[in-house]
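Engineer: First the structure, then my questions, so here it is.
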Amino acid sequence: MAWTLAELAKIETDTLRKSVMDTLLMESDVMQLIPWETIGQLATTIIRIKDLPSVGFRLIGNAYAESTGKFEQAVENISLLGGMIDTDKAIARAKNTIADARAIQQVMKVKAMAYSFNHKFIAGDPTTTPAEFKGLTKRIDQLNTDGYTTQYIDNAGTAGDGILLSTAERNNFLNKLDELIYSINGHSPAFLFMNKKCLLATRAVLRQEKYLSQDKDQFGRIVDMYGTARLVDIGVQADQTTEIITNAETLEDAGAAESTSIYAVKFGEGEFLWGIQQYPMEITDKGLLENGITYRTVVDWPLGLAMVDPRSMARLYAIIPDAST
């Protein structure tokens, strides 16, 4: 049975693991709801339905035509995420610091892990960086190449004509947003991932058209909703500056580099998109190393993504947001 990190954090009794989980959840909306399956190995083979069998009618005395559905196999690999947190003994034991130095370093490292996971969830590309898992962008590109064109939707944005420019632009954007949502199995994605500027613009459009609703997450924070989907700013990379989903994509019709995208996702172990891990995250306090001067903590989480249903994700591109940053 797969558990979300949010569910595991509620029942975790080890204080060190609990603190790491809570930090990850605070910094990564993805990790709040994505279910994790423990596979006990470095890769798993996924069987996907490719083509349904055909059916037909027959006359009395005649046989039905034989037809068999087609499957395809795909291998989903584990990537090794983690790091070592070293603190000099002199700093760790200093009495004039405002907080525990090892604890501060741990929070900083775990935040960096959360930002790295967020980034690779969207932009992971093992063809160029073999150590990382495949993110949504490359997965949806492959779906489009394989003929799943409904998962790759063009908002047809034109440079200078943002989604807040006019009633016509707002309506076009809402029509395309509904098309994005409808392309997901059951027409009910869990998340709509975007960047800050696009979130502000989308929120403004939905507010003007009276479609925006709100809810609270597990930490009591207000979150924006459109239908069943939660609007999420995927945030920035670990440098705290570079947007994970940029405002400089070159997919818009006019060719000017100022467009962005929204990714719709539906989670579900063995059904849609879910997380895989070789084993659950481990946090090990190594204590004082043999050198006698360094305290070390190791965070280790071998993880990846797996996808069965091609309609568990989709991308709406060529969006020109108008909200200020």
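Engineer: Across segment 125-145, what is the number of residues that are touching a residue at least 40 places away in the same chain (Cβ under 8 Å) and not in a helix (DSSP H, G or I)?
Structural biologist: Matching residues across segment 125-145 total 6.
Engineer: Now for a different question. Do we have any residue at all in segment 44-58 that's part of a helix (DSSP H, G or I) and in contact (Cβ under 8 Å) with a residue 12 or more places away in the chain?
Structural biologist: Initially, segment 44-58 is screened for residues part of a helix (DSSP H, G or I), giving none.
No - not one qualifying residue is present in segment 44-58.
Engineer: Going through Asn172, Asn118 one at a time, which residue ends up being at pLDDT below 95, in the same structural domain as Ser79 (by TED's automatic domain parsing) and farther than 23 Å from Asp51 by Cβ?
Structural biologist: Going through Asn172, Asn118 in turn, the sole match is Asn118.
Every residue, every condition in (1) surrounded by 15 or more Cβ atoms within 10 Å (Cβ to Cβ); (2) of a type in the set (D, E, K, R); (3) touching an Asp or Glu at 6+ places or on another chain (Cβ under 7 Å), yes or no:
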residue: Arg102; (1), (2), (3): yes, yes, no
residue: Lys120; (1), (2), (3): yes, yes, yes
residue: Pro126; (1), (2), (3): yes, no, yes
residue: Thr137; (1), (2), (3): yes, no, no
residue: Leu143; (1), (2), (3): yes, no, no
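Engineer: Right, here's the next one. Take the residues of segment 283-325 that are modelled with pLDDT of 90 or more, in contact with a helix residue (DSSP H, G or I) (Cβ under 8 Å, 6 or more places away or on another chain) and part of a loop (DSSP other than H, G, I, E, B): which is farthest from His187 (Cα to Cα)?
Structural biologist: Gly292
Engineer: Only one residue in Tyr148, Tyr182, Tyr152 is touching a Pro at 6+ places or on another chain (Cβ under 9 Å), farther than 27 Å from Ala6 by Cβ and either in contact (Cβ under 8 Å) with a residue 12 or more places away in the chain or not assigned by TED's automatic domain parsing to the domain that holds Val30 (or both). Which one?
Structural biologist: Values: Tyr182 fails: touching a Pro at 6+ places or on another chain (Cβ under 9 Å); Tyr152 fails: touching a Pro at 6+ places or on another chain (Cβ under 9 Å).
Sole residue among the options that is touching a Pro at 6+ places or on another chain (Cβ under 9 Å), farther than 27 Å from Ala6 by Cβ and either in contact (Cβ under 8 Å) with a residue 12 or more places away in the chain or not assigned by TED's automatic domain parsing to the domain that holds Val30 (or both): Tyr148.
Engineer: Got at least one residue in segment 88-106 being part of a strand (DSSP E or B), more than 30 Å from Gly124 (Cα to Cα) and either touching a residue at least 60 places away in the same chain (Cβ under 8 Å) or not assigned by TED's automatic domain parsing to the domain that holds Leu289 (or both)? Spell out the reasoning first.
Structural biologist: Initially, segment 88-106 is screened for residues part of a strand (DSSP E or B), giving 88.
Filter again for more than 30 Å from Gly124 (Cα to Cα), leaving 88.
Of the ones still in play, those that are also either touching a residue at least 60 places away in the same chain (Cβ under 8 Å) or not assigned by TED's automatic domain parsing to the domain that holds Leu289 (or both) are 88.
Within segment 88-106 (the criterion being part of a strand (DSSP E or B), more than 30 Å from Gly124 (Cα to Cα) and either touching a residue at least 60 places away in the same chain (Cβ under 8 Å) or not assigned by TED's automatic domain parsing to the domain that holds Leu289 (or both)), the answer is yes, since at least one residue qualifies.
Engineer: Quick one: would you say Ala114 is in a helix (DSSP H, G or I) and not aromatic (Phe, Trp, Tyr)?
Structural biologist: In short, yes.
Engineer: Cβ-Cβ under 8 Å, sequence separation 6+ or interchain: first residue in segment 190-209 and under 21 Å from Leu136 (Cβ atoms), partner acidic (Asp, Glu) and in a strand (DSSP E or B). Which pairs?
Structural biologist: Pairs found: Met194/Asp233; Asn195/Asp233; Asn195/Glu243; Lys196/Asp233; Lys196/Glu243; Leu199/Asp224; Leu199/Asp233.
Engineer: Continuing with this model, one more query. Wholly within segment 202-278, which strands (runs of 3 or more DSSP E) include no fewer than the required count, namely at least 3 residues that are modelled with pLDDT of 90 or more and surrounded by 14 or more Cβ atoms within 10 Å (Cβ to Cβ)?
Structural biologist: Passing ranges, in order: 222-226, 229-233, 260-265, 273-277.
Engineer: Follow-up. Would you please name the residue that is surrounded by the most Cβ atoms within 10 Å (Cβ to Cβ), looking only at residues in segment 63-86 that are modelled with pLDDT of 90 or more and of a type in the set (S, T, N, Q)?
Structural biologist: Among them, the one singled out is Ser79.
Engineer: Can I ask one more? May I ask you to list the residues in segment 219-248 that are more than 18 Å from the chain's Cα centre (by Cα) and closer than 25 Å to Lys10 by Cβ?
Structural biologist: Of everything in segment 219-248, those that are more than 18 Å from the chain's Cα centre (by Cα) and closer than 25 Å to Lys10 by Cβ turn out to be Phe219, Gly220, Arg221, Ile222.
The values are calculated or read from the model by the stated rules, or taken from the named source; none is laboratory data. Quick caveat: nothing in here was measured; it's all calculated off a predicted structure. Note: ideal-geometry Cβ built from the backbone for every residue, glycine included; neighbour counts use all protein chains shown.
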